Amino acid sequence: MKINARCHRSCQSQRLGGPESRHRASEDVRSDFQRRVPYNYLQRAYLKLDLLEEAVQAAHTFFMANPEHMEIQQSIENYRTMAGGESFQLVDREARPHLESYSAALKHYEADDFEVAVKYFEKALRDYFSEDTECRILCEGPQRFEEYDYLRYKAGLYETIADHYMQVLVCQHECVRELATRPGRLSPIENFLPLHYDYLQFAYYQVGDYVKALECAKAYLLFHPDDVDVLDNVDYYESLMEAGMDSASVEAREDAAMFVKRHKLEAELIKSAAEGLGFSYTEPNYWIRYGGRQDENRVPSGVNVEEAEVHGLSVGRKSSPKTDRELREGGPLLYENVTFVYNSEQLNGTQRVLLDNVLSQEQCRELHSVARGVMLVGDGYRGKTSPHTPNEKFEGATVLKALKFGYEGRVPLKSARLFYDVSEKARKIVESYFMLNSTLYFSYTHLVCRTALSGQQDRRNDLSHPIHADNCLLDPEANECWKEPPAYTFRDYSALLYMNDDFEGGEFIFTEMDAKTVTASIKPKCGRMISFSSGGENPHGVKAVTKGQRCAVALWFTLDPLYRELVSASCLREAGETCA
């Protein structure tokens with residue numbers, strides 16, 4: 001093992017470089033390259049060198065992976081203005097070959113140019129399998145044991161080897177999702193790999209190559225063996241075979257057969273290991289049929305189209321499911337001083353409410369004082385100082401941390417207890433106003449301040465917090481919100497309780513699902529609270545804080561007791577108090 005390890009490292013150093021090469025890069029560096037951050041710096045450097053065309057290409061490349069970045073959008077517009085009458089072709093310098101070929105194939109297919117479409121779909125498949133190989137190799141690097149705290153990691157040799165191997169295997173298994181996800185998108189193209197064969201089976205039929213059409217149809221059935229339309233297509237293609245040719249000898253394409261076989265074996269191995277090693281794993285449905293072709297050519301002429309229509313064509317991927325509870329609002333506010341400002345209709349949305357005087361001026365000052373004493377830079381954001389924008393510093397603290405600091409005498413315990421008390425007050429108000437029939441639990445509570453960084457506020461067009469939804473993955477291009485991991489799908493309601501207004505910018509905004517059309521804008525101030533349901537019906541974000549510090553208590557709630565924040569029930573005991 002030692003000899004193999006030394007040999008492996010030596011080969012990597014010779015072929016890939018030393019410790020600073022890509023395969024040894026830190027997670028932060030990898031993340032920056034995945035988000036194409038270097039191109040944001042490049043476009044500025046090119047501009048200073050008066051290389052306008054190169055600046056445009058770098059800016060466009062960054063924009064393709066960051067479509068919500070308002071500042072880069074403005075930069076591209078500025079470059080066009082500076083160019084005058086000269087036009088630049090926008091080129092994505094990091095375009096992925098398999099996605100480019102697939103897009104080109106679709107254009108020719110939709111134009112009924114089937115011969116050219118076949119060439120591009122075949123190229124897309126070759127590029128796909130090539131990138132799949134590269135993706136799997138990159139998974140063989142160092143892995144993080146997310147289930148463990150490194151300081152207390154006590155696994156033995158064989159456990160450690162097994163853990164590492166399973167991390168690698170899960171990573172390789174996830175390459176399916178990685179290769180189907182376009183730059184700047186959270187969700188993959190549904191049914192991506194099978195769709196290649198679905199399009200090809202009809203394109204080959206159109207150019208008269210019935211054998212290849214049959215091979216591709218059978219390849220598609222490896223992913224969806226019960227697809228009635230394609231099963232009918234197989235029967236039809238077999239009827240077109242030349243006399244004397246045995247249609248049974250025509251098998252599914254080898255590339256698809258090998259891929260599916262490996263994918264199934266990996267899935268079985270991961271499931272088996274999950275049971276034996278005691279970690280949780282749920283096999284994602286990588287081949288959802290909602291992503292089927294949406295054209296009238298799915299069923300070739302000669303097939304019983306009426307029968308196919310009875311079975312129905314695919315209807316697109318599932319978005320955030322509709323809630324099964326009755327949506328109501330207008331319940332009592334419970335506290336005498338709390339004042340109603342706007343309801344959902346006045347805020348141009350659904351399940352929204354704006355309230356004032358949830359906190360008094362004295363409570364705001366006291367909470368602000370607690371914040372200064374307990375907050376750490378990057379707390380709540382995986383240690384990242386500027387998780388959403390490089391132009392602001394983020395600091396935060398949880399209820400438990402505040403109470404522990406109070407118990408240790410580092411901040412007044414009474415003030416630390418206020419953090420919990422106002423959070424509980426907000427929870428009761430939200431539960432009552434939206435007239436919920438079941439208990440609303442804390443999911444996560446966070447005291448957060450964002451501070452404008454001096455010298456970085458000129459001509460800012462970015463957001464302090466990009467537009468998002470709280471329990472689903474917002475896809476502005478599709479005008480959908482996918483309720484799936486890594487979103488916090490168990491969150492049902494959200495609230496933001498503001499502590500101050502002595503800053504510039506920082507307005508809270510609701511938008512349409514396009515993440516562009518603003519439907520409501522709210523200026524924070526002491527004691528003001530905005531609350532809303534956490535789904536795709538309420539995309540929201542925060543405008544740039546351009547001067548001063550903006551502080552708020554952010555609260556997320558759930559109706560599912562399995563996901564309640566246990567801190568809210570235990571923190572008072574840990575702080576030496578009796579739970580209320």
From Cα pairs below 8 angstrom and at least 6 apart in sequence, can you work out the relative contact order of region 339-574, rounded to a whole percent?
26
How high is the relative contact order of region 395-491, in percent, counting Cα pairs under 8 Å that sit 6 or more residues apart?
22
Rounded, prolate or oblate: which fits region 89-141 when a ≥ b ≥ c are the square roots of the eigenvalues of the alpha-carbon gyration tensor, with rounded for a/c under 1.5 and prolate only if a/b beats b/c?
oblate
Rounded, prolate or oblate: pick one for region 392-535, where a ≥ b ≥ c are the square roots of the eigenvalues of its C-alpha gyration tensor, a/c under 1.5 means rounded, and failing that, prolate if a/b is larger than b/c, else oblate.
oblate
In whole Hz and in residue order, list the ³J(HN,Hα) couplings for region 401-416 that follow from phi through the Karplus curve 6.51 cos²θ - 1.76 cosθ + 1.60, θ = phi - 60°; x for Gly and Pro.
5, 4, 5, 5, 4, x, 5, 7, x, 7, 9, x, 4, 4, 5, 5
Please list, in chain and number order, the residues 5+ apart from C481 or on another chain whose amide H is under 5 Å from its amide H, with Hs placed from the backbone.
S320, D475
So if I take the centroid of the Cα atoms in region 513-541 and the same for region 189-252, what is the distance between those two points in Å?
49
Above-threshold pairs, the threshold being 32 Å between Cα atoms, out of K48/K547; K212/K261; K428/K483; K271/K401; K48/K107
K271/K401; K48/K107
Roughly how many Å is it from the Cα centre of region 62-81 to that of region 478-506, as a whole number?
24
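Every number here is computed from the coordinates shown, using simple stated rules; none is lab data. All of these numbers come straight from a predicted model, not from anything done at the bench.
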